[in-house]
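Data first, discussion second: the structure below is written as structure tokens.
Values in this text are rule-based calculations from the coordinates and carry no lab data. Here the structure is a predicted model, which is why all the values come from computation and not from measurement. All Cβ positions, glycine included, derive from the backbone under ideal geometry; neighbour counts span all protein chains shown.
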Amino acid sequence: MTMPRFNSLFPLWAILLSLLAFFAADAFASLQSLIVPLLATVMFVMGLNLTREDFTRIVNDPKPIFIGVLLQFLLMPLLAITLSAMLQLSNQLTAGMVLVGSCAGGTASNVISYLAKADLALSISMTVTSTLVGVLATPFLCSFYLSQTIDVDTWAMLVSILQMVFVPVLAGALINHYAAGAVQRVETMLPSLSIVLILLIIAIVVALNSERLTEVGLLTLLAVIIHNLGGLLGGFYLSRLLGLNVKQSHTIAIEVGMQNSGLGVALALQFFSATAALPGVLFSVWHNISGSILAAYWSSKRESLEYILRDDSVSSTE
């Protein structure tokens, strides 16, 4: 199987490995201590994909990136706390929802943007920007939304995110800058490596929560699904209202709706509880399914000449 084919089947692997982890929980749960190193490695791999041009794009065309990142950190945590209140989720599940909503865009969003034939450069730039902004935004958004119901150690969370996200991304970017030739020899394998690592994180957390998953009920699953769909729809239509074209809005929809739920899971386990990690686990599986479905739909529509022309039009509507 080729790597692009393997990558495109990400949702299928997520479902199959989650089922395996559910029924062989002891084997995967014993790997709990690997979650943080695995996540840091994913962030390092992301850094290896960054070039000077990625940062130049941010400077030269900041409007779509600014709109996307603003929607990411305004819409998703607000949706999370609203849905949690409406569905009367427990404090720990609410903490997990808000954590996922307050995280940056995930690396899987770049794969989905590629499959959707969206604006991949914008996707990468948004992921980079939201990851860097999220180092500060994630702990402070959690503190803001959760301070009335649960204790949040904002400073400790900030330090953890620096260690798990900022330092590995920076290290990867520096290696790519100073040893670009070496990175180019392995760059075709990097997306698949990221996917394998993300799948392993999902499997470990499913195993840790295997007993709770049967008790969590449909309300939590419903909250996660609505949260993701709200991000996808809100990201698309709000960015269209703010003047971006269809292709840019498709990209922003994917970036806003697909969170770095692996980071949410790791932080939930570190600062709250295994129960608080459940929304991140469910989100990890579901957002790849919904993203892949959207990618297939938008990719097929984009093949028509009429839709390609619409991508270049700021004034047209979906």
Most positive-pole-ward Cα, LEU222, MET43, SER33, against dipole of the chain from beta carbon charges: MET43
Proxy reagent accessibility, fewest Cβ within 10 Å first, across ASP26, ASP119: ASP26, ASP119
Relative contact order for the chain, counting Cα pairs under 8 Å that sit 6 or more residues apart, in percent: 33
For the stretch 34-311, size of Cβ-based charge dipole, Lys and Arg +1, Asp and Glu -1, in debye: 400
Residues whose placed amide H lies under 5 Å from that of GLN259, excluding near-sequence neighbours: GLY106
Percent of Cα pairs exceeding the 29 Å cut-off, where the set is the stretch 34-311: 27
Value of [θ]222 nm, deg cm²/dmol, for the chain, DSSP H segments ≥ 4, -39500 (n - 2.57) each, nearest 500: -25000 deg cm²/dmol
Pairwise FRET efficiency - GLN163 versus ALA85, Cβ, R0 = 45 Å, nearest 0.05: 0.90
Selection of GluC sites (Glu not before Pro), the stretch 204-277, meeting DSSP coil and at most 14 other Cβ within 10 Å: GLU215
Charge-dipole axis of the chain as Lys and Arg at +1 and Asp and Glu at -1 on Cβ define it, positive-most pick from PHE6, ASN91, GLN270: PHE6
Kirkwood hydrodynamic radius (C-alpha pairs) into Stokes-Einstein, the stretch 152-287, 20 °C and 1.002 mPa s, D in µm²/s: 125
Rounded if a/c under 1.5, otherwise prolate or oblate - the stretch 9-138, Cα gyration tensor axes: oblate
Those lysines that a straight Cα-Cα span of less than 24 Å connects to LYS63, excepting residues fewer than 8 apart in one chain: LYS117, LYS247
